[in-house]
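J.: Sharing a structure here in structure tokens format.
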Amino acid sequence: MKITKWTHACVRLEHEGRVLVVDPGVWSEPAALVGADAVLLTHEHADHVDVLRLAGLGVPVFAPDGARLPDLAPLAVNRVAAGDRFTAAGFAVTAVGGRHAVIHDGQPDCANLGYLVDDAVYHPGDSLALPGAPVETLLVPAQGSWLKLTEAITFATTVGARQAFPIHDAQLNDRGLASVNGWFGETVPGYRHLATGETA
């Protein structure tokens with residue numbers, strides 16, 4: 001499976017001509033969606049979903065049941081819940097988790113699902129819910145108002161994937177990114193930073 005990292009939490013997965021895009025938010029590049037066959041949304045926040053862009057895309061979109069997304073025709077959202085197993089762009093997907101990580105005082109309290117794709121690649125969205133199964137590739141959140149670096153490192157080492165690539169990193173400047181990459185690189189086996197547009 002070919003994995004391409006786009007800005008922030010957006011990742012493009014390709015296999016045998018099929019294209020699945022996860023979390024194309026307002027910060028990610030339009031190129032991430034070129035030729036997409038389906039889209040997975042982990043939750044409703046704009047850094048993970050650009051609703052206007054998706055409304056004109058015309059492909060199946062999957063999002064957590066309970067996610068508050070504007071009703072923009074012709075955007076038809078397929079609602080999924082934790083534990084659901086479904087097919088998107090020919091990929092087998094299992095939904096994991098349930099709620100967004102807390103930032104402060106119980107907020108935000110919105111639906112968030114992680115997605116295990118082809119039992120190989122795991123994107124947790126804005127949570128540290130474990131995938132519930134061994135994975136080959138972990139997309140690990142690197143920074144967020146809801147996240148401490150030690151939590152992210154513990155999450156990555158607990159999952160124990162063969163390789164780990166950072167996501168959720170658009171708010172890091174170059175110095176911050178270098179520091180985060182240093183810590184992950186020293187503590188998480190198989191960790192590698194992918195620049196925007198870089199493929200693994």
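The values are calculated or read from the model by the stated rules, or taken from the named source; none is laboratory data. Remember, it's a predicted structure, so these values are computed and weren't measured experimentally. Counting neighbours? That spans all protein chains shown, and the Cβs are built from the backbone with ideal geometry, glycine included.
J.: Here are some conditions: (1) under 20 Å from CYS10 (Cα atoms); (2) modelled with pLDDT of 95 or more. ASP105 meets all but one. Which one does it not meet?
T.: Unmet condition: (1).
J.: Can you name the strands (runs of 3 or more DSSP E) wholly within the stretch 102-190 that have at least 2 residues being over 14 Å from the mean Cα position of the chain (by Cα), of a type in the set (D, E, K, R) and farther than 30 Å from ARG85 by Cβ?
T.: Answer list for the stretch 102-190: none.
J.: While we're here: With LEU116, LEU138, LEU177 as the choices, which residue is touching a strand residue (DSSP E or B) at 6+ places or on another chain (Cβ under 6 Å) and within 14 Å of TYR191 (Cβ to Cβ)?
T.: Every option except LEU138 fails the conditions.
J.: Here is a check on your reading of the model: is THR7 out of contact with any Leu (no Cβ under 9 Å at 6 or more places or on another chain), β-branched (Val, Ile, Thr), surrounded by 16 or more Cβ atoms within 10 Å (Cβ to Cβ) and assigned to a loop (DSSP other than H, G, I, E, B)?
T.: Judged against the criteria, THR7 is a match.
J.: From ARG79, ARG18, which residue is touching a residue at least 24 places away in the same chain (Cβ under 8 Å), surrounded by fewer than 18 Cβ atoms within 10 Å (Cβ to Cβ) and farther than 23 Å from ALA170 by Cβ?
T.: ARG18
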